[in-house]
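These notes concern the structure reproduced below.
The values are calculated or read from the model by the stated rules, or taken from the named source; none is laboratory data. Being a predicted model, the structure only gives us computed values, none of them experimental. Positions of Cβ are generated from backbone atoms using ideal geometry, with glycine treated the same way; all protein chains shown enter the neighbour counts.
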Amino acid sequence: MKLSSKHVTLLVLLALVAISPMLFPSGYYYRVGALIFVNAFAVTGIVILTGYAGQISLGHAGFAGIGAYACALAPVHLGLHPALAAVLGALISAVLAWLVGRPILRLKGYYLGVATLGFGILVSMVLNNERQLTGGPDGMEVPDLGLRGVLKDWGLDLSNGQFWYFFSGICLLIGAWLALNLYHSPTGRALRALHGSEIAARVVGVDVAREKLKAFVISAVYASVSGSLLALQNKFITPDVAGFMHSIEMVTMAVLGGVGSVLGAVFGTAVLTLLPQVLTAFGEYEQLILGLVMMLVMIFLPAGLLPSILRKLRGAEA
Amino acid sequence: MSELLQFLFSGVTVGAVYALVALGFTIIYNASDVVNFAQGEFVMLGGMLTFAGSAAGLPLLLAAVIAILATAAMGVLMNKLAIEPARGAPVVSLIIITIGASIFIRGGTQLIFGKQIHTYPSISGDTPIRIMGATILPQSLWVILGAVLVFIGLWLFFTRTLLGRAVLATSNNRLAAQLVGINTNFVMTLSFALSAGIGALAGVLISPITMTSYDVGLALALKGFAAAMLGGMGNPKGALVGGLLLGLMEALTAGYLSSQYKDAAAFIIILAVLFFLPQGLFGRKSTERV
């Protein structure tokens, strides 16, 4: 039996989540791993928006901010369980993406870039300025998810790092599975068609505005859930999660790895999440090297890291 | 009345800087279809290098000229090393390349000049000029004068000189421009030098008022980008109007509504404008070819 690319992707991800811990020299790496999975979750949303549909967003961190602050605020003010708070955050993000997306998705290229940028900046500004609610730039605490305690009662005793590693890993697997299913669905095909040419897609009967809006809403939910996971994992959150640099990080991770495929995006996320950890060894040169890596990869491997590496490997076989 | 006038003065000053940054965006965009997110770093370099030069004992004017030339050279380098090799890459890749360049320049500046905030003396003193109950700094007048002169200079350059027309031809149709003998690579280099130089001039002029440090570039780049889009990307008139409008909106919001949300008003109005005019105020309507 020949495996489809969807199953290959899922198997590789599963193996990655399951096997990596055997190579971890210390518990600290569980934390880094969990961070990679959480980032990769948001980046999977970018793959849907940018990789499938060809639309740019420079403000998706705004949705991550909504997801994160939902987990911080809803349990305190509405008495919701943190998990339900994450769902509420995703709902708010979806509604907001639907409202914002309808007018701005008519814009193209850089114009869409500045509109989404504006949205992201508005969200981060509210989080920074409404001190009495969000604690302002100092951030605020997030309640415990409580799942780890439940697992412990069932006899599965995980350290905090281990729990979040596996929990985020499973979330990423589910997110990737959904994204891959979407790719092969009628919506996925419509998105790829309008990526190629909107007019041509319209001619063959694709409702371009509606399909773009769908991709925008779905990717917003991905970003929101990723923000929630980040908040619950760190038990603390600051408005930086909604900042412009976080939006740029998401897009860069997706494009650096190869925005066309989920696996490429996860790879890019791993590289860019690990890079700062490695670069701290370079101290003051950190920013310099980060900028250099971003430029070099995009100039010499425009398709992204993973597709370029795979092509090299295939070339060597042939 | 005097209060309103005061807000207008500060709005026009900030707006003139945004306009200069937006003009820089426009020039590069016209020549190469690239939106250069490192544009704000040019402004930062203008201020920082002028400070470094004057701290090293150079006369202020000489330091400023050297800073502008050095930044222009930086723009040329960036074009040759990062933009030309990536010709034809998708918009997202180009955004990442220029943001990478911006992080690189910021990191380098921090490494060489440290994280301190710097400033240097104004051109004609710090005694505020009183006009109808409001005050304006002499340096603000210099900033406004700078923006106006740059705009007029660019207008003359693009309409009255052969070289300027070559740039316009390149922006209209690169291939056709090549066919009639225009050296489009030179046009690109020139555009980056010009745009970096204009950015540096903005930095030189505004730093005595706002002070400068290695990290002021990003915010300026975002505002300049927004101003350029507001006016309609690729249109110098749009850049000037967009920049001034953005500065005025910020100043009025900060004055009458809330200084915390001054950036919000600007972006809300941009979203509203794009909603009704998807190409910005003065943008060309574009069509897609199948």
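State all residues of segment B:84-94 that are within 22 Å of A:GLU249 (Cβ to Cβ), assigned to a helix (DSSP H, G or I) and more than 7 Å from chain A (Cβ to nearest Cβ); if no residue qualifies, say none.
Step one: list which residues in segment B:84-94 are within 22 Å of A:GLU249 (Cβ to Cβ), which gives B:86, B:89-94.
Keeping just the survivors that are assigned to a helix (DSSP H, G or I) gives B:86, B:91-94.
Answer for segment B:84-94, where residues must be within 22 Å of A:GLU249 (Cβ to Cβ), assigned to a helix (DSSP H, G or I) and more than 7 Å from chain A (Cβ to nearest Cβ): just B:LEU94.
Please work out if A:ALA179 is touching a Phe, Trp or Tyr at 6+ places or on another chain (Cβ under 7 Å), in a helix (DSSP H, G or I), more than 14 Å from chain B (Cβ to nearest Cβ) and among the aliphatic types (A, V, I, L, M).
Values: touching a Phe, Trp or Tyr at 6+ places or on another chain (Cβ under 7 Å): no; in a helix (DSSP H, G or I): yes; more than 14 Å from chain B (Cβ to nearest Cβ): yes; among the aliphatic types (A, V, I, L, M): yes.
It is false that A:ALA179 is touching a Phe, Trp or Tyr at 6+ places or on another chain (Cβ under 7 Å), in a helix (DSSP H, G or I), more than 14 Å from chain B (Cβ to nearest Cβ) and among the aliphatic types (A, V, I, L, M).
For segment A:198-211, name all the residues that are within 14 Å of chain B (Cβ to nearest Cβ) and not hydrophobic (A, V, I, L, M, F, W, C). Walk me through how you get there before you give the answer.
As a first pass, look at segment A:198-211 and keep what is within 14 Å of chain B (Cβ to nearest Cβ): A:198-204, A:206, A:208-209.
Once the filter is applied, which keeps residues that are within 14 Å of chain B (Cβ to nearest Cβ) and not hydrophobic (A, V, I, L, M, F, W, C), segment A:198-211 yields A:GLU198, A:ARG202.
This table checks each residue for (1) aromatic (Phe, Trp, Tyr); (2) more than 22 Å from the chain's Cα centre (by Cα); (3) outside any loop (DSSP other than H, G, I, E, B).
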{"position": "B:ASP126", "(1), (2), (3)": "no, yes, no"}
{"position": "B:ARG130", "(1), (2), (3)": "no, yes, yes"}
{"position": "B:ALA147", "(1), (2), (3)": "no, no, yes"}
{"position": "B:VAL150", "(1), (2), (3)": "no, no, yes"}
{"position": "B:LEU154", "(1), (2), (3)": "no, no, yes"}
{"position": "B:LEU163", "(1), (2), (3)": "no, no, yes"}
{"position": "B:GLY181", "(1), (2), (3)": "no, yes, no"}
{"position": "B:VAL187", "(1), (2), (3)": "no, no, yes"}
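Quick one: how many residues across segment A:145-192 are on the phi > 0 side of the Ramachandran plot and touching a residue at least 40 places away in the same chain (Cβ under 8 Å)?
Applying the first criterion (on the phi > 0 side of the Ramachandran plot) to segment A:145-192 yields A:146, A:155.
From what's left, touching a residue at least 40 places away in the same chain (Cβ under 8 Å): A:146.
So the count comes out to 1.
Considering segment A:136-174 alone, what residues qualify as being among the aromatic types (Phe, Trp, Tyr) and closer than 26 Å to A:SER219 by Cα?
Residues of segment A:136-174 among the aromatic types (Phe, Trp, Tyr): A:154, A:163-167.
Passing the criteria: A:PHE163, A:TRP164, A:TYR165, A:PHE166, A:PHE167.
If a residue has to be modelled with pLDDT of 85 or more, β-branched (Val, Ile, Thr) and over 14 Å from A:GLY268 (Cβ atoms) to count, how many in segment A:278-306 make the cut?
Matching residues across segment A:278-306 total 2.
Considering only residues that are modelled with pLDDT under 85 and over 20 Å from A:ILE36 (Cβ atoms), which ones fall in segment A:152-195?
A:LYS152, A:ASP153, A:GLY155, A:LEU156, A:ASP157
Looking at (1) touching a Leu at 6+ places or on another chain (Cβ under 9 Å); (2) surrounded by 13 or more Cβ atoms within 10 Å (Cβ to Cβ); (3) outside any helix (DSSP H, G or I), which is the one condition that is false for B:ASP215?
With (1) touching a Leu at 6+ places or on another chain (Cβ under 9 Å); (2) surrounded by 13 or more Cβ atoms within 10 Å (Cβ to Cβ); (3) outside any helix (DSSP H, G or I) applied to B:ASP215, the lone miss is (1).
Give me a count of the residues in segment A:94-135 that are within 25 Å of B:LEU220 (Cα to Cα) and surrounded by fewer than 16 Cβ atoms within 10 Å (Cβ to Cβ).
1
Would you pick out the residues in segment B:234-268 that are touching a residue at least 24 places away in the same chain (Cβ under 8 Å) and not in a helix (DSSP H, G or I)?
The answer is B:GLY234, B:ASN235.
Does any residue of segment A:179-195 turn out to be crowded, with 20+ Cβ neighbours inside 10 Å, closer than 25 Å to A:GLN233 by Cβ and either among the acidic types (Asp, Glu) or out of contact with any Pro (no Cβ under 6 Å at 6 or more places or on another chain) (or both)?
yes
Only one residue in A:LEU306, A:LEU256 is away from chain B (no Cβ under 14 Å), touching a residue at least 40 places away in the same chain (Cβ under 8 Å) and crowded, with 21+ Cβ neighbours inside 10 Å. Which one? Step through it out loud before you land on a result.
Working: A:LEU256 fails: away from chain B (no Cβ under 14 Å).
Going through A:LEU306, A:LEU256 in turn, just one is away from chain B (no Cβ under 14 Å), touching a residue at least 40 places away in the same chain (Cβ under 8 Å) and crowded, with 21+ Cβ neighbours inside 10 Å: A:LEU306.
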